[in-house]
Structure formats: C-alpha cells, structure tokens
Amino acid sequence: MRDYLTRRALFAIPSLLAVTVLIFLALRAVPGDPAVLLAGDFATMEELAAMRARWGLDRPLVVQYALFLSHLVRGDLGDSIVSDLPVRDEILQRFRVTVVLAFAAIGVALLIGLSTSLLGATRPYTVWDYGSTVVAMLGVSTPIFWSGMLLILLFAVMLGWLPSGGVGSWQAFILPAVSLGFSAAGIIARQTRSAMLDVLRQDYVRTARAKGLQERRVIDRHALRNALIPVVTIVGLEFGRMLGGAILTETVFSLPGLGSFLIISIAKRDYPVVQGIVLWLALAFVVINMLVDVAYAALDPRIRYA
Amino acid sequence: MREIAAGGEAGAGGAFAPVVGRSGAALAWRRFKRHRGAQVGLGVVLVFALLAVFAPVVAPTSPAEAVLSQRLIPPSADHWLGMDQQGRDLLTRIMHGGRISLVIGVIAVGVAGSIGVPIGAISGFRGGWVGHVLMALVDILLSFPAILIAIVIVALAGPGIRNAMIAIGISQMPAYARLMRAEVIRLRSEAFVEAARAIGLPEWRILARHVFPNAAGPLIVQSTLNMAGAILSAAYLGFLGLGAQPPTPEWGAMLSDGRTYLRTAPHVAIYPGFAVMLVVLGFNLFGDGLRDALDPRATQR
C-alpha cells in the first residue's frame with residue numbers, strides 16, 4: 001500500500017507540471033504586454049519594469065517558465081492588482097469558505113443521493129424506484145443558479161427562515177449547501193442505484209437470503225458494503241466538481257469564497273489572482289483525484305496495484 | 001412554458017407504427033418506444049427546436065420591444081409570462097433565448113466532436129508515444145470540471161457568445177476523445193478491420209469507412225448528453241457575465257439581470273431558469289433513452 005501511495009504521488013507530478021505549463025502559456029497567449037496584464041492597466045513605468053524583472057518577462061520563454069516555477073514552489077503567486085496583497089494570502093483566506101461549502105454540499109448530496117437510491121434499488125420497478133429515478137434526473141438537470149434562487153425565494157424571501165447570503169452565521173451555509181448538493185445528489189443516486197442492483201443479483205446475496213437472513217441484514221451486511229465501493233469514486237469526483245459548481249453557488253448567495261473571487265477577479269482583469277486561483281484549484285483537483293484512487297485501492301481488496 | 005410540457009406529453013403518444021424487423025434500427029426503435037422518459041425527452045427537445053427555429057414567427061412581440069410603463073408586471077392573459085425590468089415580454093425573450101441556446105449547443109458540440117473524435121481515433125488506432133501524449137493531455141483536462149475550463153478560457157479570450165461556444169466545445173472535447181479511443185480500440189481487432197487492413201486499405205480510409213460508422217451510436221448518445229451540458233454551461237457563462245451580453249435575450253444573462261428583482265418580481269428570473277432546466281432535462285432524458293436503445297448492454301436493467 002505504501003509503495004502504491006508513493007507511486008501514485010509521483011505520478012501526480014507530471015500532470016501538475018503540465019498544468020503549470022498550460023497556465024503559464026495561456027497567460028502569455030493573451031494579446032498585449034504580459035507586464036501590463038500582471039501589473040494592471042494603471043501601472044507606472046517603474047512598476048512595469050519591476051514586474052518585468054521579477055518574472056523575467058524580457059528573457060526567453062524557457063527562462064521565464066523556470067522563474068515562474070521557482071516562485072511557485074516558494075508559494076509566491078505575485079500580488080493582486082486590485083488590493084496589492086499577496087495572491088497567496090487572498091486565496092487562503094477565501095478558500096476556507098469554499099471548503100466549508102463543498103463539505104456541507106457533499107453531505108447534502110450523500111443524504112439525498114444515498115437515501116433515494118437505496119429506497120429505490122431495494123424496491124426495483126415500484127413507485128419508490130421511479131420516484132428516486134425522477135429525483136436523480138432532476139438533480140442532474142437543474143441549473144445550480146435556479147435551485148439557488150428558488151431556495152432564496154422560498155426560505156429567505158417568503159418564509160424568512162434563513163439568510164439569503166453572506167457568511168454571518170452557520171445558517172447562511174444551509175441554502176447554498178442544499179442547492180449545490182442537489183446537483184451532485186443526482187449523479188450519486190444513479191451510480192448507487194446501478195451498483196446496488198448489480199450487487200443484489202450476485203450469488204452471495206442469494207446465499208445470504210437462502211440461509212434465512214433478514215432482508216435488512218442482507219442489505220446492510222452484504223449488498224450495501226460492496227455496492228458502495230464504486231460510489232466512493234463518484235463521491236470523490238463529485239467533490240472536485242463541487243469546487244467548480246461553487247463558482248455559481250457563491251455568486252448566487254454572495255458568499256466570499258474562491259469561486260466568486262475568481263469571477264470578480266476576471267471582471268476586474270486581476271490576472272495574478274486569476275492565475276493563482278486556477279493554479280490553486282488545479283492543485284486541489286490533482287490531490288482529490290489521488291485521494292480517490294487511494295481510497296478505491298484501500299476499500300476494494302481485489303484491487304492490487306503491484 | 002406550459003405548452004412545452006404539454007408538447008412533451010403529446011410526443012410521448014408515439015404516432016409511428018413500430019417496424020417489426022430484424023434490422024438494428026428497428027430493434028433500437030422498439031427499445032426506444034418502451035422508454036417513456038426518452039419519449040418525453042424527445043418531445044421536449046422537438047418542441048424546443050421548433051420554437052427556436054420559428055421564434056420570430058410565433059413569438060407575441062419582438063425581444064427588444066420595451067414598454068416602460070409595463071415594467072415588471074406579473075404574468076397575465078396579455079403577457080403569459082409577464083414583463084421584465086425594462087417592460088419587455090418575457091415569453092418572447094425566452095423563445096428567442098431558445099434560438100441562442102440551440103445555436104450555442106450545436107456549435108459547441110460540433111467543436112468538441114471535431115477536436116475530440118480525431119484525437120481519440122488517432123490515439124486509439126496508432127497508439128505509440130503520440131497517442132500517449134494526446135491522451136495524457138486529455139486526462140488532465142478531464143480531471144477539471146468542464147465549467148471551470150470554460151470559465152478560464154473565456155476569461156483569457158474575453159467574454160462573448162463566440163468565445164463561449166469555443167470554450168464550451170473545448171471543455172467537452174475530452175469526453176469525445178476518451179469515448180472514441182475506447183471505441184477504436186474495441187473495433188480495431190474486429191475481423192472486418194483486419195480484413196480491410198489485409199487488402200491494403202490506407203489507415204484513414206479504414207478509420208473513416210469501417211471504424212467510424214460502427215462507433216456512431218455511442219457518439220450520437222454522447223452528443224445528445226453533451227447538448228444538455230453545453231446549454232447548461234452557456235447559461236452558466238451568461239449568468240456569470242462571461243457569455244452572451246445584455247440585451248441579448250440569453251437565458252443565463254436574463255436570469256442574472258432579473259435576480260435583482262427576486263423580491264418584487266420573481267417571475268423575471270424564475271422563468272428563464274425554468275426554461276434552462278426543461279431543455280437540459282429534455283436532452284438528458286432523450287440521451288438516456290438513446291443509450292438504452294442503441295446499446296442494451298449499457299443498461300443495468
């Protein structure tokens with residue numbers, strides 16, 4: 001297992017490097033002087049000169065990339081044009097909000113996704129099953145901003161139970177988490193349903209029933225445990241997708257997280273921040289994908305990465 | 001929006017008699033007919049496409065026509081979905097928004113397919129280091145949420161419908177590459193491909209004439225589901241101010257504009273969002289049904 005972990009971590013390095021190359025080249029593919037992009041439209045000549053020196057913008061691309069990478073490994077992502085603060089600090093401060101939102105949302109997604117799909121899969125082709133399939137389909141198809149707005153309309157405007165935005169209290173996270181979680185619940189529900197139906201057809205489930213186990217125990221002990229293995233992968237991938245969906249949720253609910261910060265920074269043409277956020281998210285995705293692979297290997301004894 | 005729902009149910013009736021035969025198409029059609037969700041989906045998609053094409057003819061007014069004295073009035077007999085913040089008829093704007101969504105969807109899916117399919121085909125047929133490098137790039141893209149890729153591309157290239165279509169296309173490309181590669185690998189060891197090789201046909205011809213037609217089914221399913229994804233992404237980009245710009249009647253942009261009036265006139269934001277959901281749901285249902293009809297092995301039932 002430790003060998004596998006090490007090898008999986010080493011595999012992540014080339015893809016991280018490839019991401020840095022893509023982002024590095026992308027910013028230089030934008031028309032205009034990269035020094036102006038990084039220092040802002042209102043930079044003085046001295047500021048532009050300092051920017052060129054710092055990132056080596058008058059030197060060959062390869063040297064520029066090497067400089068970029070050496071800044072990067074030291075955690076130096078440059079300074080925000082808007083606030084003049086280090087991009088790293090700006091990101092870390094907002095990332096916390098996004099992480100809380102993503103965890104709350106995945107909790108909601110699991111609650112809705114698992115409960116509906118298990119209700120359905122253990123009673124296939126009944127009203128329960130069709131109902132859970134409909135919920136799953138709605139989850140996949142409902143735009144995040146639309147469910148968010150409906151929730152605001154119902155619980156904040158009409159009933160006045162919950163705040164419509166901000167991070168004043170923990171209650172402020174409820175509606176965003178439900179809105180974002182519902183979109184992932186559909187995918188989790190579909191995956192769980194098909195995994196569960198698959199497992200319920202297996203011989204060992206028939207054996208468990210034949211030896212007179214209560215249906216409840218057959219499900220708990222034999223079926224569910226095996227059905228959940230592929231679900232873990234989906235949950236991991238959905239967690240990554242949540243960080244993308246958070247861009248919309250945070251905008252709808254005015255949450256000061258990384259996603260809404262990305263959109264604000266794009267609108268203000270704050271390129272150092274945009275670059276920093278994209279790099280940060282890329283790192284997050286590489287780590288999440290690695291954890292998913294590791295969890296998969298740890299859960300399923302049949303998988304051996306020799 | 002009520003007509004669209006009703007249209008979906010009418011389409012579910014299935015006025016066509018089943019062709020009983022042994023051909024693959026007839027079999028697929030019979031399986032499709034048993035799939036109620038798929039028929040509802042097809043109905044929604046058809047109504048949406050017809051409304052999009054004929055919007056200038058059937059829409060009550062023009063999407064830019066504004067009557068300031070009728071700002072934000074709720075749905076009524078004269079204006080079925082009410083008026084927006086500038087006194088424009090919401091039903092008209094949603095119909096025209098359908099045109100924009102349809103065009104964005106078709107072009108984005110076209111871009112995605114025309115980049116992704118060749119990459120997958122080359123990588124699957126040839127293998128070698130070129131194939132490996134291409135697939136490594138595809139896998140990196142695939143590890144990011146599509147919406148994030150689209151946002152980053154638009155952020156660099158500048159907002160607007162044209163860049164949004166390209167960005168969404170690129171964000172969907174990896175799915176085609178993966179799918180095509182898997183199909184090519186499955187097909188390249190089939191006897192008919194070996195036979196084509198044996199009589200000395202050039203590679204591009206084998207790919208075009210023998211491999212591609214046999215991979216068409218899964219590609220069609222993928223394209224239908226990608227239409228759902230592309231329309232959703234376009235609405236997201238419009239909502240975030242990165243896609244279509246006001247006063248273009250694009251659903252996401254309309255919803256973003258109408259959001260300010262959620263407390264006083266919720267219909268302005270709610271209906272465009274409902275349109276997005278309905279169309280995305282339609283393409284998803286239709287795509288699911290197609291998958292079950294074209295590839296019965298993929299079904300878990």
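Tell me yes or no: at least one residue of segment B:238-256 is farther than 30 Å from A:Leu262 by Cβ and either in contact with a helix residue (DSSP H, G or I) (Cβ under 8 Å, 6 or more places away or on another chain) or in a helix (DSSP H, G or I) (or both). Looking through segment B:238-256, none of the residues is farther than 30 Å from A:Leu262 by Cβ and either in contact with a helix residue (DSSP H, G or I) (Cβ under 8 Å, 6 or more places away or on another chain) or in a helix (DSSP H, G or I) (or both). Among the residues making up segment A:280-289, those that are within 9 Å of another protein chain (Cβ to nearest Cβ), of a type in the set (A, V, I, L, M) and farther than 17 Å from B:Leu240 by Cβ are A:Ala282, A:Val286, A:Ile288. Scanning segment A:128-149 for residues being more than 7 Å from chain B (Cβ to nearest Cβ) and of a type in the set (Val, Ile, Thr) gives a total of 4. Going through segment A:125-176 one residue at a time, which ones are surrounded by fewer than 14 Cβ atoms within 10 Å (Cβ to Cβ), in a loop (DSSP other than H, G, I, E, B) and either touching a residue at least 60 places away in the same chain (Cβ under 8 Å) or among the polar types (S, T, N, Q) (or both)? Within segment A:125-176, A:Thr126, A:Gly166, A:Ser169 meet the criteria.
Which ones in segment B:42-60 are in a loop (DSSP other than H, G, I, E, B) and under 23 Å from B:Val280 (Cα atoms)? Listed by number, the list holds a single entry, B:Ala59. Put simply, of B:Ile168, B:Ile153, B:Ile206 the only residue that is assigned to a helix (DSSP H, G or I), more than 14 Å from every other protein chain (Cβ to nearest Cβ) and buried (at least 16 other Cβ atoms within 10 Å of the Cβ) is B:Ile206.
In this entry, A:Arg225 passes the filter for residues that are assigned to a helix (DSSP H, G or I) and at pLDDT below 90. Among the residues examined, B:Leu134 does not qualify as modelled with pLDDT under 90, within 12 Å of another protein chain (Cβ to nearest Cβ), closer than 28 Å to A:Trp280 by Cα and surrounded by fewer than 21 Cβ atoms within 10 Å (Cβ to Cβ).
Of the residues making up segment A:11-46, just one is more than 14 Å from chain B (Cβ to nearest Cβ), farther than 24 Å from B:Ala157 by Cβ and either under 33 Å from the mean Cα position of the chain (by Cα) or charged (D, E, K, R) (or both), namely A:Glu46.
One residue alone among A:Ala109, A:Ala49 is under 30 Å from B:Leu240 (Cα atoms), among the small types (Gly, Ala, Ser) and away from chain B (no Cβ under 14 Å), and that residue is A:Ala109.
Checked against (1) part of a helix (DSSP H, G or I); (2) surrounded by 17 or more Cβ atoms within 10 Å (Cβ to Cβ), A:Leu111 passes all but a single condition, namely (2).
Determine if segment B:224-231 includes at least one residue that is in contact (Cβ under 8 Å) with a residue 12 or more places away in the chain and closer than 25 Å to B:Gln85 by Cβ. There is at least one residue in segment B:224-231 that is in contact (Cβ under 8 Å) with a residue 12 or more places away in the chain and closer than 25 Å to B:Gln85 by Cβ.
Evaluation of B:Pro213 against the conditions (1) more than 10 Å from chain A (Cβ to nearest Cβ); (2) over 30 Å from A:Val135 (Cβ atoms); (3) buried (at least 17 other Cβ atoms within 10 Å of the Cβ) shows that the sole unmet condition is (3). In this structure, is B:Leu201 surrounded by 14 or more Cβ atoms within 10 Å (Cβ to Cβ) and part of a helix (DSSP H, G or I)? When the stated conditions are applied, B:Leu201 does not pass them.
Annotation: A:Asp79 fulfils all but one of (1) of a type in the set (Asp, Glu); (2) surrounded by fewer than 16 Cβ atoms within 10 Å (Cβ to Cβ); (3) touching a strand residue (DSSP E or B) at 6+ places or on another chain (Cβ under 8 Å); the unmet one is (2). Inclusion of A:Val99 among residues that are of a type in the set (Val, Ile, Thr) and modelled with pLDDT of 90 or more is warranted. Could you figure out which of (1) of a type outside the set (Asp, Glu); (2) more than 13 Å from chain A (Cβ to nearest Cβ); (3) closer than 25 Å to A:Leu17 by Cβ isn't true of B:Arg162? The number of the failed condition is (3). If you filter segment A:69-93 down to residues that are among the β-branched types (Val, Ile, Thr) and not in a loop (DSSP other than H, G, I, E, B), you find that the one that is nearest to the chain's Cα centre (by Cα) is A:Ile91. Of the residues making up segment A:150-169, those that are at pLDDT 90 or above and more than 9 Å from chain B (Cβ to nearest Cβ) are A:Leu151, A:Leu154, A:Phe155.
Table: residues versus (1) farther than 28 Å from B:Ala177 by Cα; (2) in a helix (DSSP H, G or I); (3) touching a His at 6+ places or on another chain (Cβ under 8 Å).
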| residue | (1), (2), (3) |
| --- | --- |
| B:Arg30 | yes, yes, no |
| B:Val40 | yes, yes, no |
| B:Ser62 | yes, no, no |
| B:Val106 | no, yes, no |
| B:Val111 | no, yes, no |
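Scanning segment A:226-267 for residues that are surrounded by fewer than 22 Cβ atoms within 10 Å (Cβ to Cβ), within 11 Å of chain B (Cβ to nearest Cβ), within 22 Å of A:Leu279 (Cβ to Cβ) and over 12 Å from the mean Cα position of the chain (by Cα) yields A:Ile263, A:Ile264, A:Ala267. Residue count for segment B:227-283, restricted to those that are of a type in the set (S, T, N, Q) and surrounded by 24 or more Cβ atoms within 10 Å (Cβ to Cβ): 1.
Of all residues in segment A:269-279, those being more than 10 Å from chain B (Cβ to nearest Cβ) and either buried (at least 21 other Cβ atoms within 10 Å of the Cβ) or under 20 Å from B:Tyr236 (Cβ atoms) (or both) number 4.
A single entry from B:Arg301, B:Arg263, B:Arg259 fulfils the requirement of being facing another protein chain (nearest Cβ under 9 Å), at pLDDT below 90 and closer than 26 Å to B:Ala64 by Cβ: B:Arg259.
Please work out if B:Leu290 is hydrophobic (A, V, I, L, M, F, W, C) and under 15 Å from the mean Cα position of the chain (by Cα). It is true that B:Leu290 is hydrophobic (A, V, I, L, M, F, W, C) and under 15 Å from the mean Cα position of the chain (by Cα).
Conditions tested, residue by residue: (1) touching an Asp or Glu at 6+ places or on another chain (Cβ under 8 Å); (2) surrounded by 17 or more Cβ atoms within 10 Å (Cβ to Cβ).
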{"residue": "B:His35", "(1), (2)": "yes, yes"}
{"residue": "B:Val44", "(1), (2)": "no, yes"}
{"residue": "B:Phe48", "(1), (2)": "no, yes"}
{"residue": "B:Val58", "(1), (2)": "no, no"}
{"residue": "B:Ile119", "(1), (2)": "no, yes"}
{"residue": "B:Gly127", "(1), (2)": "no, no"}
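The values are calculated or read from the model by the stated rules, or taken from the named source; none is laboratory data. Model, not experiment: these values are computed from the prediction. Backbone-built Cβ (ideal geometry, glycine too); neighbour counts: all protein chains shown.
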